[in-house]
Amino acid sequence: MLEIRNLQKTYRGGVHALRGVSLRVDRGLFGLLGPNGAGKSTLMKVVATLLEPDAGDVHFDGIDVLAEKTRVRRLLGYLPQDFGLYPSLSAEQMLDYLACAKGVGDRRTRRNLVAATLERVNLSAVKKRRLGGYSGGMRQRFGIAQALLGDPRLLIVDEPTAGLDPEERHRFQNLLAELASDIVIVLSTHIVSDVTALCHAMAIIREGGIVHQGTPAEAVAELRGQVWEKTVPRDLLEAYQSRLQVISTAPSVEGLRVRVLSDGVHPGEVLPAGEDFEPAEPTLEDVYFRYIKAPAPPEEAPDVAQGVA
Ligand code: ADP
């Protein structure tokens, strides 16, 4: 289990990137969802022992992550947002090199390890191809392969599906789902559908603070009866925004499909008289927009996960 308590990080230059982040992450796939700039990469780097926070602590299966970095690194796989590849090497050569750097000295052991790892990420058929010729999806699966080399119990993947086409994304999601059966995987993403498809638990981060934590299903269920939808002419959007809590808009042939959130208990009573919206089935995207678009949290965001840990 991964436990993060009250992490704070201010970068030189004054950006307060983490404002007291606390999270508890059990085995399986955990989604950390938030817009660009929310602090996801900063948090991932701290957990991956690559960045020192100003305050707070992180424990993984009883190990103090910030104090025992070397020990944790042996249990940790990390796929950063941008990772370097030698484009002229093949996947097999590069993994062999990385395994060597990790201290797997025996050639035969290394060959078996590399072959098994390539098989796990379904790249065996292209293992001799230059990495420079890999598609985005193949590249990301190779990234997971290098993160898996040491057989980690904690795998951190930072925005892995950004830029993948739908087929590649599905393939990558399947891979993560397979791997998640017996390790902890933290998936940082701004893509809501990654979390919907994969994660048994999630948190939403905004401006360096956790604004929601729970299971996707519970979060969606909480919005039942509160989401309303209607197609409106584009030029009326501002008027709707001024009197209702518009959580998202999507272009449609007739104008804009507007989704509105009302916090009332009884459907039908909650929209001002005269509004003819239709009730809509809530989605995780509604949950996300609700927390991301709500008025900004106070400067020192409340520690919502406190008491859980
Ligand atoms: P995300 O991964 O959610 O996009 P980041 O953790 O990358 O968010 O960034 C959080 C905030 O910290 C942003 O405002 C970003 O500009 C800032 N930031 C990130 N890295 C640095 C850095 N090395 N120096 C200064 N500011 C940074």
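All of (1) open to solvent by less than 10 Å² (accessible area, probe 1.4 Å); (2) away from the ligand (no atom under 16 Å from the Cβ); (3) of a type in the set (Val, Ile, Thr) hold for Val104 with one exception: (1). Considering only the stretch 223-250, state which residues are within 25 Å of the chain's Cα centre (by Cα) and either among the β-branched types (Val, Ile, Thr) or surrounded by 14 or more Cβ atoms within 10 Å (Cβ to Cβ) (or both). Of everything in the stretch 223-250, those that are within 25 Å of the chain's Cα centre (by Cα) and either among the β-branched types (Val, Ile, Thr) or surrounded by 14 or more Cβ atoms within 10 Å (Cβ to Cβ) (or both) turn out to be Leu223, Val227, Val246, Ile247, Ser248, Thr249. Those strands (runs of 3 or more DSSP E) of the stretch 118-208 in which 2 or more residues are assigned by TED's automatic domain parsing to the domain that holds Tyr97 and in contact with a Gly (Cβ under 6 Å, 6 or more places away or on another chain) occupy 201-206. Taken residue by residue, the stretch 135-146 has no member that is without any contact (Cβ under 8 Å) to a residue 12 or more places away in the chain and more than 16 Å from the ligand (Cβ to nearest atom).
Determine whether Leu66 is over 13 Å from the mean Cα position of the chain (by Cα) and not in a loop (DSSP other than H, G, I, E, B). Criteria not met by Leu66.
Within the stretch 199-212, being away from the ligand (no atom under 16 Å from the Cβ) and open to solvent by 30 Å² or more (accessible area, probe 1.4 Å) holds for one residue alone: His200.
Yes or no, residue by residue, for (1) within 16 Å of the ligand (Cβ to nearest atom); (2) farther than 14 Å from Glu3 by Cα; (3) in a helix (DSSP H, G or I):
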position: Phe30; (1), (2), (3): yes, no, no
position: Ser41; (1), (2), (3): yes, yes, yes
position: Leu50; (1), (2), (3): yes, yes, no
position: Pro53; (1), (2), (3): yes, yes, no
position: Gly56; (1), (2), (3): yes, no, no
position: His59; (1), (2), (3): no, no, no
position: Arg71; (1), (2), (3): no, yes, yes
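Looking only at residues in the stretch 7-28 that are surrounded by 15 or more Cβ atoms within 10 Å (Cβ to Cβ) and of a type in the set (D, E, K, R), the one that is nearest to the ligand (Cβ to nearest atom) is Lys9. Evaluated against (1) within 14 Å of the ligand (Cβ to nearest atom); (2) open to solvent by 10 Å² or more (accessible area, probe 1.4 Å), Met1 falls short on exactly one condition, (1).
Being free of Cβ contacts under 8 Å to residues at least 24 places away in the same chain and open to solvent by less than 80 Å² (accessible area, probe 1.4 Å), is that true of even one residue in the stretch 47-59? Taking every residue of the stretch 47-59 in turn, none turns out to be free of Cβ contacts under 8 Å to residues at least 24 places away in the same chain and open to solvent by less than 80 Å² (accessible area, probe 1.4 Å).
Yes/no per residue for (1) within 23 Å of Leu29 (Cα to Cα); (2) crowded, with 19+ Cβ neighbours inside 10 Å:
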residue: Val72; (1), (2): yes, yes
residue: Leu76; (1), (2): yes, yes
residue: Gly84; (1), (2): no, no
residue: Ala99; (1), (2): no, yes
residue: Thr109; (1), (2): no, no
residue: Ala115; (1), (2): no, no
residue: Arg141; (1), (2): yes, yes
residue: Asp165; (1), (2): yes, no
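The values are calculated or read from the model by the stated rules, or taken from the named source; none is laboratory data. Keep in mind that this is a model prediction, so the values were computed, not measured. In this analysis, Cβ positions are derived from the backbone assuming ideal geometry, glycine residues included, and neighbour counts consider all displayed protein chains. For the accessible areas, the whole protein counts, side chains as well, though only heavy atoms, and no ligand, DNA or RNA atoms are used. Shrake-Rupley method; radii C 1.70, N 1.55, O 1.52, S 1.80 Å.
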